[in-house]
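The values are calculated or read from the model by the stated rules, or taken from the named source; none is laboratory data. Predicted, not measured: the structure shown is a model, and the values here were computed from it. Note that each Cβ is placed from the backbone with ideal geometry, even for glycine, and that neighbours are counted across all protein chains shown. The area values use the complete protein model at the heavy-atom level, side chains included, leaving out ligands, DNA and RNA. Shrake-Rupley method; radii C 1.70, N 1.55, O 1.52, S 1.80 Å.
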Amino acid sequence: FDPRHYLGTHCYGFPKTGPHRLRFLLESVKDLRETLKKKGSTLVVRKGKPEDVVHDLITQLGSVSAVAFHEEVREI
């Protein structure tokens, strides 16, 4: 979870994530984790800037052959 996604919007300062959206996100992540556990896998969830968190995870894991990501479209 990138803390920057929960600050105000760029132009008007409105919250990017209100309480209903946040609850939906948390419930979705919890459900995904439970589904993956049933299949013998897991889900790593971290809070922080992705550029820092991903670097730390790669360092921690040691042998990473690929990293995939997407970039969120920014409002102008």
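Okay, here's what the table says:
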quantity	calculated
Cβ-Cβ under 7 Å pairs, at least 6 apart or on other chains, the stretch 28-41 side more than 17 Å from Phe1 (Cβ to Cβ), far side part of a loop (DSSP other than H, G, I, E, B) and of a type in the set (A, V, I, L, M)	Leu36/Leu43
Top-ranked residue of the stretch 1-59 - restricted to ones that are among the polar types (S, T, N, Q), surrounded by 10 or more Cβ atoms within 10 Å (Cβ to Cβ) and farther than 21 Å from Val73 by Cα, ranked as nearest to the chain's Cα centre (by Cα)	Ser28
Subset of the stretch 60-76 [aliphatic (A, V, I, L, M) and either in a loop (DSSP other than H, G, I, E, B) or open to solvent by less than 100 Å² (accessible area, probe 1.4 Å) (or both)]	Val64, Ala66, Val67, Ala68, Val73, Ile76
The stretch 10-24: number of residues that are touching a residue at least 24 places away in the same chain (Cβ under 8 Å) and assigned to a helix (DSSP H, G or I)	0
